[in-house]
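The values are calculated or read from the model by the stated rules, or taken from the named source; none is laboratory data. Model, not experiment: these values are computed from the prediction. Note that we place each Cβ from the backbone using ideal geometry, even for glycine, and neighbour counts take in every protein chain shown.
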């Protein structure tokens with residue numbers, strides 16, 4: 001009886017010792033609060049940016065906005081003294097043409113690189129390639145623009161005998177090289193997420209490595225691959241400096257890959273610093289920002305929904 005009472009007293013004292021809030025408990029709560037503040041602040045910053053852009057552009061939308069002239073006119077002459085015109089059709093087509101051409105190059109390149117790294121490369125080769133791809137992603141956009149301006153421009157002139165090498169072809173190649181690393185990384189993660197027993201079961205049935213990759217792994221990872229492509233599209237759609245330096249920055253509706261175009265992002269970057277604050281031109285540029293924000297938000301939202309659908313499956 002006495003021994004049982006002593007054992008119960010020891011258990012109570014041990015429980016009390018565990019309930020003591022020492023420095024480790026306070027550090028744990030501190031970092032928990034810090035992570036919560038960081039997560040909430042990211043959401044708050046995104047909402048704040050959207051409200052700031054919307055506040056500056058709303059007055060143009062409701063006071064000077066003409067749906068037909070703004071979205072369907074290819075004429076962008078905001079500095080005209082007699083008849084300022086704010087048509088973004090040529091800007092939208094220019095952005096879409098550069099991004100589309102870049103995706104034609106980046107998607108097969110990224111998917112092939114991801115398949116090789118995930119399914120065929122050995123351990124050391126895989127690590128080296130992943131490091132090189134990450135280094136490509138770390139190159140600043142202005143450096144890519146300088147490469148397109150000083151190297152790709154004369155190369156395109158010499159190869160295709162055109163007067164100017166700044167256009168859709170130049171900016172599309174540079175943008176493809178910029179978008180390929182992030183697309184390759186996400187696609188490779190999607191391929192590695194396929195359970196190994198899928199591969200083992202296919203190999204046990206006599207399938208070759210190519211058959212396992214193209215008939216088992218790729219169908220299982222298709223949602224993740226689609227998300228990688230969509231994120232690459234969003235990356236290309238929102239690029240500014242490299243497109244500004246390599247696209248020729250000329251407002252027109254393109255008819256060939258050698259035509260110069262102007263993108264929405266490049267227009268904002270080139271004109272906002274020289275525009276009077278509060279003017280109609282200033283507010284029109286913020287309206288372009290609202291359009292860009294909505295497009296990139298929708299693209300990233302679709303990619304997130306696709307990824308969550310893949311996890312659910």
Query - Flag for residue 294 being closer than 24 Å to residue 87 by Cβ and more than 17 Å from the chain's Cα centre (by Cα) - result: no
Report task. Working only within the stretch 101-110, note down all residues that are surrounded by fewer than 20 Cβ atoms within 10 Å (Cβ to Cβ) and touching a residue at least 60 places away in the same chain (Cβ under 8 Å). Result -> 104, 105, 109
Report task. Just give me the residues in the stretch 198-230 being over 24 Å from the mean Cα position of the chain (by Cα) and outside any helix (DSSP H, G or I), in sequence order. Result -> 205, 206, 207, 208
Requested in this report: Can you give me the number of residues within the stretch 246-300 that are assigned to a loop (DSSP other than H, G, I, E, B) and out of contact with any helix residue (DSSP H, G or I) (no Cβ under 7 Å at 6 or more places or on another chain)?
Outcome: 7
Query - Pairs, first within 9 Å of residue 86 (Cβ to Cβ) in the stretch 52-76, second assigned to a helix (DSSP H, G or I), C-beta under 7 Å, six or more apart - result: 60/280; 60/283; 60/284; 60/287; 64/280; 73/89; 76/90; 76/91
Query raised in the report: Of the residues 166, 149, 129, which single one is at pLDDT 90 or above and touching a strand residue (DSSP E or B) at 6+ places or on another chain (Cβ under 6 Å)?
Result: 166
Query raised in the report: What number of residues in the stretch 284-308 are modelled with pLDDT of 90 or more and farther than 23 Å from residue 101 by Cα?
Result: 5
Report summary line: Selection over the stretch 88-131 where residues are outside any helix (DSSP H, G or I), farther than 25 Å from residue 170 by Cα and touching a helix residue (DSSP H, G or I) at 6+ places or on another chain (Cβ under 8 Å) yields a count of 1
Query raised in the report: Which condition number does residue 139 fail, the rest of (1) without any contact (Cβ under 8 Å) to a residue 60 or more places away in the chain; (2) surrounded by fewer than 19 Cβ atoms within 10 Å (Cβ to Cβ); (3) in a helix (DSSP H, G or I) being met?
Result: (3)
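Here is a yes/no grid of residues against (1) farther than 30 Å from residue 186 by Cα; (2) touching a residue at least 60 places away in the same chain (Cβ under 8 Å); (3) surrounded by 23 or more Cβ atoms within 10 Å (Cβ to Cβ):
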site	(1), (2), (3)
233	no, yes, yes
241	no, yes, no
254	yes, yes, no
260	yes, yes, no
277	yes, no, no
282	yes, yes, no
292	no, no, no
